[in-house]
Amino acid sequence: MPIEKRWVVKPQGDPATVEALASALRIPPVLANLLVQRGIDTEEKAHSFFNPQLSDLHDPFLMKDMDKAVSRIQHALDNREGILVYGDYDVDGTTAVSMVYSFFKRFYPKVRTYIPDRNNEGYGVSFQGIDYARENDCRLIIALDCGIKADKEIEYAREKGIDIIICDHHRPSDTLPAATAVLDPKRPDCPYPFKELSGCGVGVKLIQAVCKSKGWNDKAVINSYLDLVAVSIGADIVPIVDENRILAYFGLKKLNSNPCPGIKAFNIFSKKRIFNISDVIFVIAPRINAAGRINRGIHAVELLTARNDVVAKEIAIEIDTLNAERKELDAATTEEALRMLEGKKLDDDFCIIVYNPSWHKGVIGIVASRLVEHFYRPAMVFTKTGEGQISASARSMHDFDIYNAIERCQDIIEQFGGHKYAAGLTLKEENFEAFKKRINDIAREAILPEMRTPVIEVDTEIRLSEITSHFLRTLKKFAPFGPNNTIPVFMTEKVTNFIGTKRVGRNNEHLKLVIVDDTRACNDRSGIGFGMGHLYDKVNSGGFFDICYTLQENEFMGKNDIQMIVKDIRLREE
């Protein structure tokens, strides 16, 4: 049975500001309220929000060390040095490597790529990667989506006569590595105005800076790679505001009109539908990720840098096969993890922690996410990764910073990194029990009782009669949606079943709704509640209930209609 959810209505916009904005933009007050909630409280801000421009991207030289990075790259170009473009094995890393490699390959032949092996090298800059650079006469490494904590590796590179430019977006330690340049908007001394770029986004700023230093049209150049950037933004779940919104907006345009051969080769555009950030997360990203999870991340780079459709198609077929294998593996591992927890009293386990030395490292992050969904608690999934060492992927729930929690255990950890809601770590197997106790104590202290109930954040309440085609057309302009610009969630109270409500799906697990509000006027609306088939009898009883939902345009047999995607149903007592 699904976990009961708590509905929280967000603070509403100042009424006078909402009214003035609605009048100026000639839109319903409900939509003006959504803008004000997002900090868009003037006509000028609304115009920028609805009409993103690449010219609004920040000057890349505002980023600390950008001048050093460009100078070192120019030195490499002038002296015909080999350049190694190095990146993480996930979607953000492989898209970043593909983009930066493709950019340099346009005008410079001595450039190579490297993605570390997840199982043999682990995350980040590796000693093996540095050795590869030296063996292939690469005097400069550009490290993307990694490197911010690679102190020992960067010192090793310096001993080998190799310079490293770090392009990262993860939170740094108190001391920065001694690289030639450290590009990371999260470093405390970086004045860059936007802190939430993806790793690929930091790579965009590097390309933009190189173009500016050479007097090239930076907007035209980066526009040719923005489909990759949009994929990185979606996959890494970074906030869709400021530069990320601009990059995602134009990236989705390119993705839907002229994607690179590698993305096009997945044959996912056959239904001629428009892809959004959600499709990136659930359709495109898992395929690209499958290469690094099951085989080699460099395979994804080979796909995304393929020059023609024939080569791309061959690689895409292989990666699709790996993705199918990944699905089977993560399903089996999730089932095994749930069996381990079955019947176990979890009252004191504020953080779910499971360990099996034989689990595949490539799927433990996915399994951790599944456990968070199932138990609504932070989860860590461990597997053995070396002699006496184990590694975990950690995922969290609303309002609990898993990175900070892990950081407080760093005296018994060998390596860690990540973000607020997703992180990774490695520790000695002998420290496992001590770590389990410590992280649970931290979670117990931080997770308040109300935090253990999943929250649905409702933007505002509306009547069914307000949902019109004009309303939806304007609402669609709020996209692309993502963190900090989430798809609006509406609430309508006192609705009741109308003609046509039924259970659908292979096992009747979904609920197809047709509802009217308490006025019972002819403004019925249809919706789908995934996994809500068990509510059919209660919804069909003739009583009133409250509903929260998002809206989307649904096309069926050539006809467009407005459909509710139901997030939750709350039965009324009366």
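The GluC sites (Glu not before Pro) of the range 329-362 meeting both criteria, a DSSP state outside H, G, I, E and B (loop) and at most 12 other C-beta atoms within 10 angstrom of the site's C-beta, are GLU342.
On the principal axes of its alpha-carbon atoms, the range 82-146 has extents of 34, 26, 13 Å, going from largest to smallest.
Atom-type composition of the exposed protein surface of the chain places 48 percent of the accessible area on carbon and sulfur (1.4 angstrom probe).
Residues SER23, SER393, SER173, sorted by accessible area with the largest first, give SER23, SER173, SER393 [1.4 Å probe; ligands and nucleic acids excluded]. When the scattering of the range 298-376 is computed by the Debye formula from its Cα atoms alone, each counted once and equally, what is log10 I(q)/I(0) at q = 0.24 Å⁻¹? Computed log10 I(q)/I(0) values: -1.09. Packing, as the average of other Cβ atoms within 10 Å across residues, places the peptides 370-376, 76-82 in the order 370-376, 76-82, highest first.
The fraction of Cα-Cα pairs per 20 angstrom bin, counted from 0 for the chain, comes to 19, 52, 27, 2 percent, rounded to whole percents. Annotation: peptides 256-262, 138-144, ranked by per-residue average of other Cβ atoms within 10 Å with the highest first, follow the order 138-144, 256-262.
For the range 83-146 and the range 295-319, what is the centre-to-centre distance using only Cα atoms, to the nearest Å? So the separation of the two Cα centres works out to 17 Å. Here the range 118-249 is treated as an ellipsoid with the same Cα gyration tensor; its semi-axes, largest first and in whole Å, are 26, 17, 15.
Calculated on C-alpha atoms, the gyration radius of the range 1-132 divided by its Kirkwood radius gives an Rg/Rh of 1.21.
Computed from point charges on the beta carbon alone (+1 for Lys and Arg, -1 for Asp and Glu), the dipole magnitude for the chain about its Cα centre is near 1400 Debye.
Rolling a 1.4 angstrom probe over the protein heavy atoms with all chains in place gives the range 1-145 an accessible area of 46 Å² per residue. The distance from the alpha carbon centre of the range 210-250 to that of the range 348-367 is 34 Å, rounded to a whole number. When a/c reaches 1.5 or more, the comparison of a/b and b/c decides; with that in mind, is the range 189-326 rounded, prolate or oblate per its Cα gyration tensor? Prolate, because a/c is 1.5 or more and a/b exceeds b/c. Put a plus charge on the Cβ of each Lys and Arg, a minus charge on the Cβ of each Asp and Glu, and nothing anywhere else: the dipole of the range 11-94 about its Cα centre is then about 80 debye.
Its Kirkwood hydrodynamic radius, worked out from the mean inverse distance over all distinct Cα pairs, puts the range 284-428 at 16.4 Å. Proximity of backbone amide H atoms, modeled 1.01 Å from N, is registered between ILE141 and LEU84, ASP163, ILE164, ILE165 at under 5 Å, excluding neighbours fewer than 5 places apart on the same chain. A 1.4 Å probe run over the range 184-248, with the rest of the protein chains in place, finds 27 Å² accessible per residue. With all protein chains present, calculate the accessible area of ARG106 using a 1.4 Å probe and round the result to the nearest 10 Å². Here the accessible area works out near 140 Å². Here the relative contact order of the chain, from alpha carbon pairs under 8 Å that lie six or more residues apart, stands at 12 percent. Ordering 44-54, 107-117, 85-95, 241-251 by mean Cβ neighbour count within 10 Å, with the highest value first, yields 85-95, 241-251, 107-117, 44-54.
The amide H of VAL9, built 1.01 Å from its N in the peptide plane, has VAL458 as neighbours under 5 Å, considering only residues 5 or more places off or on other chains. Taking a ≥ b ≥ c as the square roots of the eigenvalues of the alpha carbon gyration tensor, the range 402-517 is prolate, as a/c is not under 1.5 and a/b beats b/c. Rounded to the nearest whole Hz, the Karplus-based 3J(HN,Hα) values (6.51 cos²θ - 1.76 cosθ + 1.60, θ = phi - 60°) of the range 499-504 follow the sequence 5, x, 5, 7, 8, 9, with x at glycine and proline. Helices in the chain that qualify as membrane-span-like (whole DSSP H runs, Cα extent of at least 30 Å along the helix axis, mean Kyte-Doolittle hydropathy of -1.0 or higher) are 309-341.
The values are calculated or read from the model by the stated rules, or taken from the named source; none is laboratory data. Just so we're clear, the structure is a prediction, and the values are computed from it rather than from any experiment. Glycine gets a Cβ as well: all are built from the backbone with ideal geometry, and neighbour counts include every protein chain shown. We work out accessible area using only protein heavy atoms, side chains counted, and drop any ligands, DNA or RNA first. Shrake-Rupley method; radii C 1.70, N 1.55, O 1.52, S 1.80 Å.
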